[in-house]
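These notes concern the structure reproduced below.
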Amino acid sequence: MKLADRVVVITGGADGIGKGLAQRFLKENPKAVIVCDINEAKVKAAAGEIGASAAYGCDVSDEAQLVAMIDDVEKRFGPIDLFCSNAGIGDFSRSDPNFVGAAGNDIWQKSWDVNVMAHVYAARALVPRMAQRGGGYFLNTASAAGLLSQIGSAVYATTKHAAVGFGEILAITHRDAGIRVSMLCPQAVDTPMLRAGGEGPQHVDGVLTPAQLADVVVEGLDEERFLILPHAQVLGYMRKKTENYDRWIGGMAKLRRSMGGNFGPAGD
């Protein structure tokens, strides 16, 4: 997809990857770039800073709020061509990383609602509209954790895997309706989420800036790639995983032991 003359919506747009995408997309002469975030004041400030077309306060885990935002955007700016379901949360509960059942149900549910169901809600609202008008595009942010795993965070790893799975079935089911899907699966990116996990960019190997990631995304959208991998090494890790799953699990367990409890979340 070329972004020129397109209407684009980006959730989680107040900072980090979402703000970086908006800044980069604006260089492609779109018709409109709209950002939204649960923090309304922050996203409006970000929109003013970068010159976005509009900003909305929106909790993507609330289907009614998400649909209302989509309805208003289409009323004001026209049909949404590209919906970037980017909002996500990590598990910073500091629950025991040595026990996969340590996080409480509230943490599991909140992560499920934001990291998975927000993608479902967006598709539920937009797929019928996109199909009727001949097509559309979803860019869903997951993580390399959704393709590999996340040592120390069962919640993050599980919900990001589910996000990738939903993206796959969305792409398969509605491809013939002209709907395309890309899954953005980075490793560490210098975002507030990365820093909230106690991992400054200076402590993470291969960390990208949001601007660097956004350049890769524009290229991936142009080629309509399902997997957009800003960290090229992730493809190699995936191949090793599928070549011998048992050996890969053994290797990951060894890596976990070598980390000595230093379990930092992937950044997105």
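Just so you know, all these numbers are worked out from the coordinates, no wet-lab data involved. All values derive from a computational prediction rather than experimental measurement. Cβ placement follows ideal geometry from the backbone for every residue including glycine, while neighbour counts extend to all protein chains displayed.
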**Report entry** Per-residue Cβ neighbour rank within 10 angstrom, fewest leading, Thr242, Thr11, Thr158, Thr173
**Finding:** Thr242, Thr173, Thr158, Thr11
Query raised in the report: P(r) tail for the range 1-124, what percent of Cα pairs lie past 24 Å?
Result: 29
Query raised in the report: Which of the lysines could be linked to Lys42 by a straight reach, that is with a Cα gap under 28 Å, when you skip same-chain ones fewer than 8 residues away?
Result: Lys19, Lys27, Lys31, Lys75, Lys110, Lys160
Requested in this report: List Ser111, Ser61 from most exposed to least, where exposure is judged by having the fewest other Cβ atoms within 10 Å.
Outcome: Ser61, Ser111
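Dipole size in debye (nearest 20) for the chain around its Cα centre, Lys and Arg Cβ +1, Asp and Glu Cβ -1? Mind showing how you got there, number by number?
Values: 27 positive and 30 negative charges, 90 e Å.
Using Cβ point charges on Lys, Arg, Asp and Glu, the chain gives about 440 debye.
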Requested in this report: Would you kindly enumerate the cysteines in the chain that have no other Cys beta-carbon under 4.7 Å from their beta-carbon?
Outcome: Cys84, Cys185
Query raised in the report: In what order do Asp246, Asp222 fall by count of nearby beta-carbon atoms within 10 Å, going from fewest to most?
Result: Asp246, Asp222
Requested in this report: Excluding Leu227 itself, calculate the net charge of residues whose Cβ lies under 13 Å from the Cβ of Leu227, where each Lys or Arg counts +1 and each Asp or Glu counts -1.
Outcome: -1
